[in-house]
Structure formats: structure tokens, C-alpha cells
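For reference, the structure is listed below as C-alpha cells.
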Amino acid sequence: MATTPAEQAGTASAARTVKRVAVLPGDGIGPEVIAETVQLLEHVGARWGVRFEFSYGRIGGGAIDEDGEPLPAWVVDLCRGSDAVLLGAVGGPRWDRNPPHLRPEAGLLGLRKALGVYANLRPITVFPALLSSSPLREEVVAGADFLILRELTGGLYFGQPRGRVQEAEGTAVIDTLHYTEREVERILRLGFELARSRRGHLTSVDKANVLESSRLWREVAERLAPEYPDVTLQHLLVDNAAMQIVRNPRQFDVVVTENMFGDILSDEAAVITGSIGLLPSASLGESGPGLYEPVHGSAPDIAGTGRANPLAAFLTAAMMLRHSLGLPEAADAVEQAVAAVLADGLRTADIAREGEAALSCREMGDEVRRRIQGRDDV
Ligand code: NAD
């Protein structure tokens, strides 16, 4: 089976039995879900004969309090020296009034930049057991299983010049959508590789009828396509893509797009699963460790109550096992164990329906760990 560059790196490192993971629990429920995830990984390690070496660092609010900045240099060094970085969540009301450079989110953006992670992967999976939580009709959403690949370091969010200028008619604003051909090619190439490792279908989303950047995007996609004869390439305009995600989400396998389109489409797609609290994400660079974080935030409203749902963090760990640590079988086992607890009707408070009993974060962790099947079990 074809592998992504990150997976090749992971497979190379699979030969080593020690995996170095930088762990940044962060704020709010971050430390709670990450503590369960570390235990899960210890369990996986015992089953697959791998030793995880966990090194802990601070990021976000906790780092502001302890180190005086949201991303201390020692934490960047710790992450760079690891095979992968596992992050909980950052933020909370306590730091909301801080100036921009002393806000928790600055730590997150700084880390993505420091690690050069240009590709954000967001799998969109609809668990059969949670179908009724989707805002879409069950028959529309059942079986949807796709991956949104978003370019993360270019485009409108980073282009220069930007800002406000005074013109004859008054204040005007400028944002710049800048991409180099190289940036476009590397994300599209990853899209083809990922499609090849899944069901072989790649949807490239652009606005080529209006934007020059999108015309280049489409040209590069067409140029690369003959190198991947096993992958079917389809182009969709972004407005149509937004419609198709709610009309027929099952048609997608891998969706690749630029930064802002990906930001919007990935949140739209997350909502159709009905369980935004269950979604993992991975951000990968050309080399160096990948950054793995659940999509949810620090949930300050439930922090410390034991009610956090650890499943998004577990699925995030599965992505880390697959894409950075060269342990795809272990990744499958974690994903299957999560699906199994849901199929067995086990719920944390956020996904329990009225009248259903809710497990604590720890209890849910125990249930998933109990269901992990190792290669010796089959
Ligand atoms: P949030 O995701 O933290 O919470 C939204 C709602 O979902 C809350 O009711 C919360 O209790 C619930 N929720 C979220 N994750 C849950 C889980 N694992 N288990 C059970 N319930 C869960 O989003 P928010 O309230 O908009 O933001 C809270 C803080 O988190 C803010 O400071 C925000 O900036 C930050 N944030 C951080 C990240 C990140 O670290 N990547 C992402 C989003 C928001």
C-alpha cells in the first residue's frame, strides 16, 4: 500500500522500539483527556512491543502563568526533538483579556509555525451509533467517511501586504492571497498520496472561475494527476463543495483545498457528524514531528468535573500512531475500540441522550483500553 511521506518517515522509525512523544496537555480539559490518552498509549505500547518516552511541556495559559509566554523556547526545542507532538487544548477566560502576544492561541499558532506544519488533516467520520445526533437525515449522512486536507501556512491568512490604508474615499482594507507553485504542489501531492492510501478519489476544491490562485491550483492538480493513475481527480468549486457536503457527504474520500476554504469546509463537515467533540486532527510538515490535537477546545465550563469526553483525544492518538509513529495496526485497533464503546452504548455526558447514563472521562478511558485488541489477540 502506498504511504505518505510522513508515514514513510514513521515506518522508518518503526524499526526503533522507542517512540519519543512530546506531550503538551495545555489548559482546561486538556490535561484530563491527555492523561487518559497517555495511559491508552502505554497500553498500546505494551501490546505492540513499543516503548513510548513521554516528555511534558507547557503551552497556552499554563505557560503564560509559569513561563511568562504562551510558547517558551524550551517547549519548541522539546517538540523538535520528538517523533510526534500530542497537544490537548489551550485557552480559558482567565487569559481572555491579555494582549494578543500573551494569549494562549498565540502559543498554538507559534508552534504550528515553528514545526512548519503545512498540512492539516481532519477525518470526518460518522459513527453509526451516533447517527441520530447529526443535524442531517440519517440516510444522507450514514456511511460518510472522508478526510479534509487543508493547506495551513499560506493563502489569505498569511499574505502580505495586509492592513488598513487611507484612500481618497476613506479607509480601505487589504488582505493578500499569496501562494507559490511549490506550496500548492506539496499539499496537492499529499492529497494524491492520501487518496491512494484510502479509496483512490481526490476532490480538489477551488474557485477557479474567479481567483488566479485557484487557476494555478487547478493547473498543478492536472499536472500531477498522471503521476497517480490509481487516483481519480475531481475539481469542485468551493460554493458547490459546501453544498455537496450537506447534500451527499458519502461521495467524498479525500478533499484537498487551500487555507481559508479548508477552514470553513472543515467546520461545516465537522458539524454533520453530530459529534464535533469526537473529532481528531493532525498537522504535518515536510520533515520533523507532526502535531496532533483534538478539534475541540479547552471546555472551561466542564474542566475539573471529570465530564470531559476523551474520545477525540484517543482518535487523535490513533492518527499519531498512523502518520508519525509507523504503527498503523495499533491505530486501527484504537479506532476500532472507540467505535466499539459507542456501539455498546457507552456515552460521556456530552453525547448521552436524556435518560442515558454518562461515564466519566476516566471510566470511558478504561472502557476503551479494555477493548484494544493487539496482534496477539487475533
Ligand atoms: P470548546 O470546544 O472548548 O467547547 C465548546 C462546548 O463543547 C462546551 O460546552 C464544552 O463543554 C463542550 N466540549 C468541548 N470539548 C469537549 C469534550 N472533549 N468533552 C465534553 N464536552 C466538550 O470551545 P469554546 O467554548 O468555544 O472555547 C473554550 C476555550 O477553548 C476558549 O478559550 C477557546 O479559545 C479555546 N479553544 C482552543 C482550541 C484549541 O486548543 N485547539 C480550539 C477551540 C477553542
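The values are calculated or read from the model by the stated rules, or taken from the named source; none is laboratory data. This one's a predicted model, so the numbers in the text were calculated from it and none came from an experiment. Cβ sites come from the backbone with ideal geometry, for glycine too, and all protein chains shown count toward neighbours. When the accessible area is computed, the model is the full protein with side chains, heavy atoms only, and any ligands, DNA or RNA have been set aside. Shrake-Rupley method; radii C 1.70, N 1.55, O 1.52, S 1.80 Å.
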Q. Among SER281, SER134, SER324, whose mean-square fluctuation peaks in a Gaussian network model of the chain (Cα, cutoff 10 Å)?
A. SER134
Q: Using only alpha carbon pairs under 8 Å that are at least six residues apart, calculate the relative contact order of segment 135-272 and give it in whole percent.
A: 39
Q | Relative packing of 242-254, 96-108, 147-159, 310-322, which averages over residues the other C-beta atoms within 10 Å, highest first | A | 310-322, 147-159, 242-254, 96-108
Q: Compute the accessible area per residue over segment 135-272, keeping the other protein chains in place, probe 1.4 Å, unit Å².
A: 48
Q | Long-range tail of P(r) for segment 214-294 (Cα pairs > 17 Å, %) | A | 59
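What ranking, highest mean first, results for peptides 207-218, 34-45 when packing means the other Cβ atoms within 10 Å averaged over each residue?
Working: 207-218: 16.8, 34-45: 21.3.
Output ranking for 207-218, 34-45: 34-45, 207-218.
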Q) Hey, how many Å between the Cα centroid of segment 321-378 and the Cα centroid of segment 71-110? A) 28
Q) Out of ASP83, ASP350, ASP145, any idea which swings most in a Gaussian network model of the chain, alpha carbons joined below 10 Å? A) ASP350
Q) When the accessible area of the chain is split by element with a 1.4 Å probe, what percent falls to carbon and sulfur? A) 52
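Under the rule a/c < 1.5 gives rounded, and otherwise a/b versus b/c splits prolate from oblate, where does the chain land using the Cα gyration tensor? Don't skip to the end; give the middle numbers.
Working: a/c = 1.39, a/b = 1.20, b/c = 1.16.
Because its axes are fairly even, with a/c under 1.5, the chain counts as rounded.
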**Q.** Under 5 Å, built H, 5+ apart or other chain: amide partners of VAL256
**A.** LEU149, THR203, SER204, VAL205
Q: Please sort 287-297, 175-185, 59-69 by packing, taking for each peptide the average over its residues of neighbouring beta carbons within 10 angstrom, highest first.
A: 287-297, 59-69, 175-185
**Q.** Kirkwood Rh, Cα atoms: Rg over Rh of segment 211-365
**A.** 1.02
Q) Does segment 135-272 come out rounded, prolate or oblate by the C-alpha gyration tensor, with a ≥ b ≥ c the root eigenvalues, rounded set by a/c under 1.5 and, if not, prolate when a/b is larger than b/c and oblate if not? A) oblate
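With the Cα gyration tensor of segment 13-163 giving a ≥ b ≥ c as the square roots of its eigenvalues, does the rule (a/c under 1.5 for rounded; else a/b larger than b/c for prolate; else oblate) give rounded, prolate or oblate? Walk me through the numbers before you get to the answer.
Values: a/c = 1.58, a/b = 1.12, b/c = 1.42.
Oblate shape, in that a/c is at least 1.5 and b/c is the bigger or equal ratio.
Below 8 Å, C-alpha to C-alpha, sequence gap of six or more: please give me the relative contact order for segment 196-254 in percent. Spell out each step's value before the answer.
Numbers: 61 pairs, mean separation 30.3, N = 59.
51 percent.
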Q: Tally the DSSP beta bridges in the chain and give the antiparallel ones as a percent, rounded to 5.
A: 40
Q.
With an 8 Å Cα cut-off and a minimum separation of 6 or more residues, compute the relative contact order for the chain in percent.
A. 23
